[in-house]
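A.B. asks: This is the structure I have questions about; it appears just below.
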Amino acid sequence: MVEARIDRGAEVSLSTEQIRSFVAIELSEEARKGLARLRRGLERDEHGFVKWVDPHGIHLTLKFLGNIPSERVTEITDAIRKATQGISPFHLEISGLGAFPSLKQARVFWVGISGELDKLSGLQQNIDSALAALGFAREERPFVPHLTLARIREGASPAERRSFGELVGSTTFEDKYPVEVEAVRLMRSHLAPAGAIYTCLSVVGLGGQEGLQKIQENLPCRWK
């Protein structure tokens, strides 16, 4: 695992390598447990065409960066730090189910996000602009905050997609699990046969030193 020292924009020292990376918000443990319960309620033995995402690896992605040289971690962290200036911690909730592009022709099933979406949108736009200045392409599609719960495997028939979409559409998920956004993380995604392994490369806290203290006490910079 990669260790990280947390400060206002904590970062790790890495040897030169290509890192598959993204910028994200970590979920609360309560939210992860809620997603795990939801998954258990939807899983069926006959749905082998559904690929579930491990709740411990679910995160709210703000920007996917692709492969980056390890020596760019510092400048990317600095850009994220600048993008978060003036943004205080805020509150989100996860609730509701949906699918891309639709329940009848689903490829991706997701859980929705509510709460202080104006602050979330502003944070995402700031990060997108700050990283565009470093040469990363701007997002072309509108930002639609969501958490990916499952994907339909390639080769699934239209009937299979439709049947699972009907199951999701008939499922009630009205619980609102809180997510207190106190930091933004630069993450590494290592693709392994058993699934992706996520490692935190750096943390940028919101709300100055007071908010940072809570991060140091309660929010580790890494998970797997």
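The values are calculated or read from the model by the stated rules, or taken from the named source; none is laboratory data. Every value quoted in this text rests on a predicted model; they were computed, and no experiment measured them. As a convention, Cβ positions derive from the backbone with ideal geometry for all residues, glycine included, and neighbour counts pool all protein chains shown.
A.B. asks: Please verify whether Gly112 is under 19 Å from Ser170 (Cα atoms) and either out of contact with any helix residue (DSSP H, G or I) (no Cβ under 6 Å at 6 or more places or on another chain) or of a type outside the set (Gly, Ala, Ser) (or both), treating the condition exactly as stated.
C.D. replies: On the way: under 19 Å from Ser170 (Cα atoms): yes; either out of contact with any helix residue (DSSP H, G or I) (no Cβ under 6 Å at 6 or more places or on another chain) or of a type outside the set (Gly, Ala, Ser) (or both): yes.
Taking the combined requirement at face value, the residue satisfies it.
A.B. asks: Can you tell me which residue among Lys82, Lys63, Lys119 is in a strand (DSSP E or B) and farther than 25 Å from Leu38 by Cβ? If you could, list the steps in order and put the result at the bottom.
C.D. replies: Values: Lys82 fails: in a strand (DSSP E or B); Lys119 fails: in a strand (DSSP E or B).
Lys63 is the lone residue from the list that is in a strand (DSSP E or B) and farther than 25 Å from Leu38 by Cβ.
A.B. asks: Read through the list (1) closer than 19 Å to Leu117 by Cα; (2) within 14 Å of the chain's Cα centre (by Cα); (3) not charged (D, E, K, R), then give the number of the only condition that Ala83 fails.
C.D. replies: (2)
Table: residues versus (1) exposed (fewer than 15 other Cβ atoms within 10 Å of the Cβ); (2) modelled with pLDDT of 90 or more.
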site	(1), (2)
Arg153	yes, yes
Glu160	no, yes
Val181	no, yes
Arg185	no, yes
Glu210	yes, no
Glu217	yes, no
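A.B. asks: Which residues, taken from segment 144-182, are in a loop (DSSP other than H, G, I, E, B), out of contact with any Leu (no Cβ under 8 Å at 6 or more places or on another chain) and at negative phi? Show your work before the answer.
C.D. replies: Within segment 144-182, the subset in a loop (DSSP other than H, G, I, E, B) is 144-145, 153-157, 170-176, 182.
Within this subset, residues satisfying the condition of being out of contact with any Leu (no Cβ under 8 Å at 6 or more places or on another chain) are 144, 153-157, 170, 172, 174-176.
Residues satisfying the conditions are Val144, Arg153, Glu154, Ala156, Ser157, Ser170, Thr172, Glu174, Asp175, Lys176.
A.B. asks: Just name the residue that is surrounded by the fewest Cβ atoms within 10 Å (Cβ to Cβ) out of those in segment 104-137 that are among the acidic types (Asp, Glu) and under 17 Å from Glu180 (Cα atoms). Full working, then the answer.
C.D. replies: To start, the set of residues in segment 104-137 that are among the acidic types (Asp, Glu) comprises 116, 118, 128.
Among the residues that remain, those that are also under 17 Å from Glu180 (Cα atoms) are: 116, 118.
Numbers: Glu116: 15, Asp118: 9.
Restricting to residues being among the acidic types (Asp, Glu) and under 17 Å from Glu180 (Cα atoms), the top hit is Asp118.
A.B. asks: Tally time: how many residues in segment 12-60 are in contact with a Leu (Cβ under 8 Å, 6 or more places away or on another chain) and part of a strand (DSSP E or B)?
C.D. replies: Summing the residues that are in contact with a Leu (Cβ under 8 Å, 6 or more places away or on another chain) and part of a strand (DSSP E or B) in segment 12-60 gives 9.
A.B. asks: Conditions first: (1) touching a strand residue (DSSP E or B) at 6+ places or on another chain (Cβ under 6 Å); (2) outside any strand (DSSP E or B); (3) small (Gly, Ala, Ser). Ser88 passes all but one, so which condition is the exception?
C.D. replies: Looking at each condition in turn, Ser88 falls short on (1).
A.B. asks: State which residue is nearest to Ala31 (Cα to Cα) when the search covers only segment 85-103 and only residues that are buried (at least 17 other Cβ atoms within 10 Å of the Cβ) and not aliphatic (A, V, I, L, M).
C.D. replies: My answer is Phe90.
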